1. Kindly indicate whether any position in segment 8-31 is in contact with a Leu (Cβ under 6 Å, 6 or more places away or on another chain), β-branched (Val, Ile, Thr), within 16 Å of the ligand (Cβ to nearest atom) and open to solvent by less than 10 Å² (accessible area, probe 1.4 Å).
2. Taking segment 166-179 as the search range and keeping residues that are among the hydrophobic types (A, V, I, L, M, F, W, C) and either within 12 Å of the ligand (Cβ to nearest atom) or not in a helix (DSSP H, G or I) (or both), which one is surrounded by the most Cβ atoms within 10 Å (Cβ to Cβ)?
3. Give segment 82-111 a look and list any residue that's out of contact with any strand residue (DSSP E or B) (no Cβ under 8 Å at 6 or more places or on another chain) and open to solvent by 10 Å² or more (accessible area, probe 1.4 Å), or say none.
4. Could you please tell me which pairs satisfy a Cβ distance under 6 Å, a separation of 6+ or placement on different chains, a first residue in segment 27-44 that is assigned to a loop (DSSP other than H, G, I, E, B), and a second residue that is open to solvent by 60 Å² or more (accessible area, probe 1.4 Å)?
5. Which pairs turn up if I take residues in segment 146-165 that are at positive phi and within 16 Å of the ligand (Cβ to nearest atom) and look for partners that are of a type outside the set (S, T, N, Q) and not in a loop (DSSP other than H, G, I, E, B) with beta carbon separation below 8 Å, at least 6 apart in sequence or on another chain?
6. Go through segment 1-26 and give me each residue that's in a strand (DSSP E or B) and within 17 Å of Val138 (Cβ to Cβ).
7. So Val138 ticks every box in (1) surrounded by fewer than 22 Cβ atoms within 10 Å (Cβ to Cβ); (2) closer than 19 Å to Pro208 by Cα but one. Which box is left unticked?
8. Can you tell me which of Leu171, Leu167 is at pLDDT 95 or above and within 19 Å of Leu19 (Cβ to Cβ)?
Amino acid sequence: MHVRIAVLASGRGSNLGALIDAQRGGNLPVHIVGVFSDKPSAPALALARESNIPTAHLDPRDFAQRLAFDLAAFATIAKWKPELIVLAGFMRILDPRAFEPWLGRIINIHPSLLPKYPGLHTHRRVLAAGDRQHGASVHFVTAELDGGPVLAQVMVDVRRGDTEQGLAERLLPREHALIVACVDQLARHRLHWSNEGIRMDGQPLACPLVLADDGTLETRA
Ligand code: GAR
């Protein structure tokens, strides 16, 4: 059975593209039921349309309050009856009251090794701090910005002479593999999050899974 997923994206949509490609390749047991954006001109929406995926967008400027926009957004998304919501480059802070019904069924990909560097400009901040390692995280979305329980991470080395753009470009394909692997494991019902924390095959996950070179998720040694 394919799991119904909705994807939220604000811009380029390369993570969405990775999910579409994996689904098309028959490797990902999901049905992308809709793509929502807060930016009418987001390339992610065009990508979805090219792939015959339903799209919707709402402009935050049409709403007097943030909460009103967020409630309208989730009402729109709910019409697609998704079982899982994936934030893939969705660049707005959401009011927890709007996604409360989706807790445990909404995930986000963030370009840092959380809990390090929540928020923006992660690559720049990694370089400024002189970190030797960078990466991306997929976490369940909670009220805390980029602060929900982390399912899995991927690491990349920071190289001497790296620029913000170079580092971002090296990380991006690993992000794509990470989001596909996480959605795959959620769609196969191997990963769950409840009050007791994240469980993998029914066993508590002591720390986030790590993406291996072959694209599978491993427990940390
Ligand atoms: C990705 O790098 C994603 O991790 C990041 O935005 C980019 C979206 O790229 N997300 C965040 O920073 C969320 N805090 P994409 O539109 O090509 O998928």
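The values are calculated or read from the model by the stated rules, or taken from the named source; none is laboratory data. These numbers come from a predicted model, not from an experiment. Cβ placement follows ideal geometry from the backbone for every residue including glycine, while neighbour counts extend to all protein chains displayed. Just so you know, the surface numbers come from the protein's heavy atoms only, side chains and all, with ligands and any DNA or RNA stripped out. Shrake-Rupley method; radii C 1.70, N 1.55, O 1.52, S 1.80 Å.
1. no
2. First, the residues of segment 166-179 that are among the hydrophobic types (A, V, I, L, M, F, W, C): 167-168, 171-172, 177-179.
So of that shortlist, the ones also either within 12 Å of the ligand (Cβ to nearest atom) or not in a helix (DSSP H, G or I) (or both) come out as 167-168, 171-172, 178-179.
Values: Leu167: 21, Ala168: 16, Leu171: 22, Leu172: 16, Leu178: 27, Ile179: 29.
Out of the qualifying residues, it is Ile179.
3. Initially, segment 82-111 is screened for residues out of contact with any strand residue (DSSP E or B) (no Cβ under 8 Å at 6 or more places or on another chain), giving 91-98, 100-101.
Of everything in segment 82-111, those that are out of contact with any strand residue (DSSP E or B) (no Cβ under 8 Å at 6 or more places or on another chain) and open to solvent by 10 Å² or more (accessible area, probe 1.4 Å) turn out to be Met91, Arg92, Ile93, Leu94, Asp95, Pro96, Arg97, Glu100, Pro101.
4. These pairs meet every condition: Pro29/His2; Pro40/His57.
5. That search, which allows pairs on different chains as well, returns Asp146/His110; Asp146/His139.
6. Going residue by residue through segment 1-26, those that are in a strand (DSSP E or B) are 3-8.
Answer for segment 1-26, where residues must be in a strand (DSSP E or B) and within 17 Å of Val138 (Cβ to Cβ): Val3, Ile5, Ala6, Val7, Leu8.
7. Of (1) surrounded by fewer than 22 Cβ atoms within 10 Å (Cβ to Cβ); (2) closer than 19 Å to Pro208 by Cα, only one is false for Val138: (1).
8. Working: Leu167 fails: within 19 Å of Leu19 (Cβ to Cβ).
On inspection, the qualifying residue turns out to be Leu171.
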